[in-house]
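Here is the structure we will look at, set down as structure tokens.
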Amino acid sequence: MADQMKASTEEFQRASKASLDAVLRAWSEAGRVVQTVTSEVTEYSKRAFEDATRAFEQLIGARSVEQAFEIQSQYAKKAYDAHMAALTKLGEMYVNVTRSAFKPVEQAVSRKVA
């Protein structure tokens, strides 16, 4: 009876350690990807600010209402396209981080089930 209790306790400890290791790997992966996402958002913000500044400078130099309208239209289209591309890229990054973060947990669970 004591041997059986000791074996059960050791098995519980091994399973707990494996689960904790899986969760820690998942959090580590998530942290790495959050840094990547933050970097991507920062770069996008810099580009958007530079584009807005450039468009404003062009608007100041516009010689007619038509030219100002054209500058504004081009800027709006470029800003929209850049925003949608950034959102798509970030969406893909978040999908990948979710898959990567849960992979160690899935592996730990599949080992326990098998």
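The values are calculated or read from the model by the stated rules, or taken from the named source; none is laboratory data. Predicted, not measured: the structure shown is a model, and the values here were computed from it. All Cβ positions, glycine included, derive from the backbone under ideal geometry; neighbour counts span all protein chains shown.
A few notes on this one:
- The set of residues from region 59-68 being surrounded by 13 or more Cβ atoms within 10 Å (Cβ to Cβ), without any contact (Cβ under 8 Å) to a residue 12 or more places away in the chain and among the hydrophobic types (A, V, I, L, M, F, W, C) comprises A62, A68.
- Matching entry among T36, T53, T9 (being more than 30 Å from H83 (Cα to Cα) and at pLDDT 75 or above): T9
- Looking across region 28-43 at every residue that is under 10 Å from the mean Cα position of the chain (by Cα) and of a type in the set (S, T, Y), the one that is surrounded by the most Cβ atoms within 10 Å (Cβ to Cβ) is identified as T36.
- Qualifying residues in region 22-58 (those that are among the small types (G, A, S) and in contact (Cβ under 8 Å) with a residue 60 or more places away in the chain) - the one farthest from A68 (Cα to Cα): A22
- Residues of region 69-104 satisfying the condition of being in contact (Cβ under 8 Å) with a residue 40 or more places away in the chain, hydroxyl-bearing (S, T, Y) and exposed (fewer than 15 other Cβ atoms within 10 Å of the Cβ): Y94
- Odd one out for A62, checked against (1) among the aliphatic types (A, V, I, L, M); (2) outside any helix (DSSP H, G or I); (3) at pLDDT 95 or above: (3)
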